[in-house]
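Just below is one structure, and these are the notes that go with it.
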Amino acid sequence: MRKKPEPHTVFTREQLDSYFASYVGMEGGNPGAAVWFCDSSPHPSGPSLLAPLVPLAQPGAWDAAYRYRYRHHMERWQSHQKIARIMSAARAQVFKTAVGEQDWKHYFDHHLYAPHGAEFKLSLFPLPARLVNQTAWSKAFRGQPELLPRQRYLDLCRGGRRFAFIDAIRRRWKPKVVICLGERHTDDFVQAFDLANARATDHVLQPADQPKSLRVLERDGTTWLICPALAGPAGLMSDVLLDAMGQYLTRWLRPDDFRGHSADAEEPIARRPCVMASVDR
């Protein structure tokens with residue numbers, strides 16, 4: 001006998017607001033790390049809405065089980081590979097070692113977003129902007145009036161608890177530097193991290209390549225770098241630029257920020273107390 005389909009659950013604004021005010025849609029890693037990367041939205045294969053909505057109260061990470069689960073997919077994750085290149089270049093600069101051509105691959109395979117690692121990855125919005133198989137937003141969330149039109153969802157995140165949660169965890173963990181990926185999302189970065197009154201300057205990243213401009217904002221012991229995205233013709237596309245970004249990061253870093261990379265490390269970098277989190281890619 002065919003099983004009767006589960007009834008469709010319509011989520012209320014309060015349920016969605018509570019769910020979004022957590023680590024849902026964030027890649028994770030070590031929130032106590034010195035370096036955070038912030039994207040506007042998670043990967044297209046990111047979280048979907050399934051009842052019951054349970055806020056993610058602990059940060060996820062790319063631990064051994066995660067890496068085994070996605071071992072056949074990771075070679076296609078180009079944006080994460082670029083972040084690994086930035087971080088491997090930063091680590092080499094901090095320890096004054098030469099950057100090998102495959103260092104980023106080792107970093108990607110063994111260190112990126114690790115529970116004891118040197119970085120944490122979050123996103124402003126919890127649901128993917130681009131959905132799997134290019135499914136239209138209106139089709140994917142048909143029957144969810146609080147998510148349609150998409151602007152209603154964006155407004156909920158901005159004016160509800162999502163952006164407030166992001167500001168709260170930043171204040172709790174106090175990373176040294178937050179790399180915000182995508183200049184066109186500047187207004188949202190400023191709102192989410194409460195940067196309206198931050199001290200702002202500009203820095204031009206100009207290795208032997210096309211120069212890229214970074215907006216540098218400082219407040220409350222943290223520096224934000226609003227930079228081009230990691231994709232597209234105007235993005236940080238070349239290895240030269242990615243290495244230069246990693247080297248620029250080191251003005252805020254020291255060897256201790258990479259201590260979780262040692263083979264015998266048993267404790268995560270814990271410069272600050274923990275709050276909420278977890279992630280499903």
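Structure values in brief
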| item | result |
| --- | --- |
| Solvent-accessible area of Lys121 with every protein chain in place, 1.4 Å probe, in Å² to the nearest 10 | 10 Å² |
| Percent RCO, i.e. relative contact order, over the chain, from Cα pairs under 8 Å lying at least 6 residues apart | 32 percent |
| Paramagnetic reach from His203 (point 7 Å along Cα→Cβ, amide N under 12 Å) across region 224-239 | 224-227 |
| Whole-Hz couplings from phi, Karplus 6.51/-1.76/1.60, listed for region 62-70; x for Gly and Pro | 8, 7, 4, 5, 5, 5, 5, 4, 10 |
| Cα-Cα separations in region 125-209 greater than 15 Å, expressed as whole percent | 70 percent |
| For region 96-255, share of DSSP beta bridges that run antiparallel, in % to the nearest 5 | 70 percent |
| Accessible-area value, Tyr68, 1.4 Å probe, nucleic acids and ligands omitted, Å² | 140 Å² |
| Long-range amide H partners of Ile179 with built H, under 5 Å | Trp36, Phe37, Cys38, Leu225 |
| GNM result for the chain, Cα springs below 10 Å: residue of Trp77, Trp252, Trp104 fluctuating most strongly | Trp77 |
| Across Lys121/Lys212; Lys82/Lys174; Lys121/Lys176; Lys176/Lys212, pairs whose alpha-carbon gap is larger than 20 Å | Lys121/Lys212; Lys82/Lys174; Lys176/Lys212 |
| Sequence-separation-based contact order of region 1-100, relative, with Cα cut under 8 Å and 6+ spacing, percent | 29 percent |
| J(HN,Hα) series, region 112-128, from Karplus relation 6.51 cos²θ - 1.76 cosθ + 1.60, nearest Hz, glycine and proline x | 4, 6, 6, x, 9, x, 9, 8, 9, 10, 10, 9, 4, 10, x, 9, x |
| Identified option (computed Cα Rg over 2.2 N^0.38 Å; candidates (i) 1.26; (ii) 1.01; (iii) 1.22) | (ii) |
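The values are calculated or read from the model by the stated rules, or taken from the named source; none is laboratory data. Computed from a predicted structure; not experimentally measured. Cβ sites come from the backbone with ideal geometry, for glycine too, and all protein chains shown count toward neighbours. Note: accessible area is taken over every heavy atom of the protein model, side chains too, but ligands, DNA and RNA are not part of it. Shrake-Rupley method; radii C 1.70, N 1.55, O 1.52, S 1.80 Å.
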